[in-house]
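Peer 1: Here you go, one structure.
The numbers here are math on the coordinates, done by the rules we state, and not lab data. Quick caveat: nothing in here was measured; it's all calculated off a predicted structure. No Cβ is skipped: glycine too gets one built from the backbone with ideal geometry, and neighbour counts run over all protein chains shown.
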Amino acid sequence: MLKSSPRLREGMERMTKAAGGLPDRVPVYAQMSHHSAKLAGESTFKFFTNAETFLKCQLHADELYRLDSPTIHYDCYNIEAEALGAKLVWATNQCPEVDPGRPLMASVDDVEALKFLKMGKGGRMPYVLEINKRLVDLGVPPKIRFCGPFSLATKLVGFENFVVSAVWEPEKAHRLLRHLTDEVLAPWITFQRRQCGTDETAVGADALASPPMLTVPMIREFCLEYMKRLEKHVGRIRLAGLWGERFVDDPRKLLDIKKEGCPNLLQALDPDVTALGPAFFKEYADQ
């Protein structure tokens with residue numbers, strides 16, 4: 001379907017030109033995820049477990065809304081956690097979610113609870129790999145994605161438990177983050193790239209490391225530093241998903257972190273853009 005769509009090919013070229021600042025117009029893109037399953041009349045369970053169904057739904061929605069770039073958004077926050085043994089809750093017509101009532105780890109010390117991970121085989125890792133294989137076959141760049149280290153740790157231990165450990169026992173929190181970064185995320189990124197035969201930028205979504213849930217110094221210590229660690233391990237890492245500038249006394253401090261995690265792109269999300277105004281973000285980007 002994608003190969004036979006000149007409109008989508010033109011849109012992807014527009015997205016590429018936009019990255020250099022020279023598109024003919026502002027490209028339009030969307031993160032629709034399971035909304036596209038509803039449009040196509042498919043169950044969310046099949047959408048999030050079957051690569052062929054996933055892509056058919058996403059590409060159908062792209063054509064319906066006439067987007068410029070293919071929408072490829074699965075539940076990236078759950079893939080590594082599920083592969084490590086975390087249980088998911090499958091609510092009807094919703095994204096699956098790691099069960100918050102039954103965290104896999106009793107504490108940050110409970111690394112033994114993590115299942116031995118046979119890379120590419122655990123949980124729905126094969127689903128992600130199949131999506132990327134099909135994208136390559138369609139002539140579309142694959143999407144190398146991963147759950148940010150902080151968000152992954154909170155999925156495994158529980159958000160409150162991990163933040164308490166980060167405040168009162170920071171070295172224990174760091175020990176878990178180092179393990180997840182070095183033994184889970186770096187190998188998973190490398191595995192995805194090898195399967196695709198590409199060195200595409202790997203995008204790490206770490207939205208749970210955002211104000212007001214974390215202070216700016218905590219975001220730097222427990223989120224950004226591990227993205228930098230991943231950069232040293234595998235290269236071409238981009239931090240994404242952080243939001244909450246409107247909660248920070250000096251929003252530029254959060255933008256500085258974003259710039260360090262992604263030097264070539266400034267991502268701003270609503271309601272922050274509405275609260276602070278687009279001009280604020282444009283001025284920062286220009287500077």
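Peer 1: Multiply the residue separation of Q94 and N264 by 0.36 nm, subtract the distance between their alpha-carbon atoms, and state the gained length in nm to one decimal.
Peer 2: That pair, Q94 and N264, stretches by 57.9 nm at full extension.
Peer 1: Set the Förster radius R0 to 45 Å, insert the Cβ-Cβ distance between A275 and F116 as r into 1/(1 + (r/R0)^6), and round the FRET efficiency to 0.05.
Peer 2: Efficiency at R0 = 45 Å is approximately 0.50.
Peer 1: Another question, then. Take the chain, connect every pair of alpha-carbon atoms lying under 10 Å apart with a spring to form a Gaussian network, then pick out the residue of T154, T71, T274 with the largest mean-square fluctuation.
Peer 2: Highest fluctuation among the options: T274.
Peer 1: What does the charge add up to near A202, with Lys and Arg as +1, Asp and Glu as -1, over the other residues with Cβ less than 9 Å from its Cβ?
Peer 2: Net charge around A202: +3.
Peer 1: What residues qualify as long-range amide H neighbours of R145, i.e. H under 5 Å apart, gap of 5 or more or another chain, H built at 1.01 Å from N?
Peer 2: Amide H neighbours of R145: V203.
Peer 1: In the chain, with Lys and Arg counted as +1 and Asp and Glu as -1 at Cβ, which of these residues, L135, G204, V89, has the Cα nearest the positive end of the dipole, that is, farthest along it?
Peer 2: After comparing all options, I get L135.
Peer 1: May I ask for the distance between the Cα centers of region 208-233 and region 108-153, given as a whole number of Å?
Peer 2: 20
Peer 1: What is the dipole size for region 1-119, taken about its Cα centre, with +1 at each Lys and Arg Cβ and -1 at each Asp and Glu Cβ, in debye to the nearest 20?
Peer 2: 500
Peer 1: Cα centroids of region 175-205 and region 1-63: how far apart, whole angstrom?
Peer 2: 24
Peer 1: Here's a follow-up. Suppose we keep just the DSSP beta bridges with both residues in region 76-242; what percent of those would be antiparallel, to 5?
Peer 2: Percentage antiparallel, nearest 5: 20.
Peer 1: Right, something else. Among rounded, prolate and oblate, which fits the chain when a ≥ b ≥ c are the square roots of the eigenvalues of its C-alpha gyration tensor, a/c under 1.5 means rounded, and a/b larger than b/c means prolate?
Peer 2: Cα axes put the chain in the oblate bin.
Peer 1: Here's something else I'd like to know. Among Y29, Y74, Y127, which one moves the most in a GNM of the chain with springs linking Cα atoms closer than 10 Å?
Peer 2: Taking springs between Cα atoms under 10 Å, the residue moving most is Y29.
Peer 1: Out of all DSSP beta bridges with both ends in the chain, state the antiparallel percent to the nearest 5.
Peer 2: 20
Peer 1: Would you please name the trypsin sites (Lys or Arg not before Pro) within region 78-178 that are DSSP coil residues with at most 16 other C-beta atoms within 10 Å of their C-beta?
Peer 2: K87, K115, K118, K121
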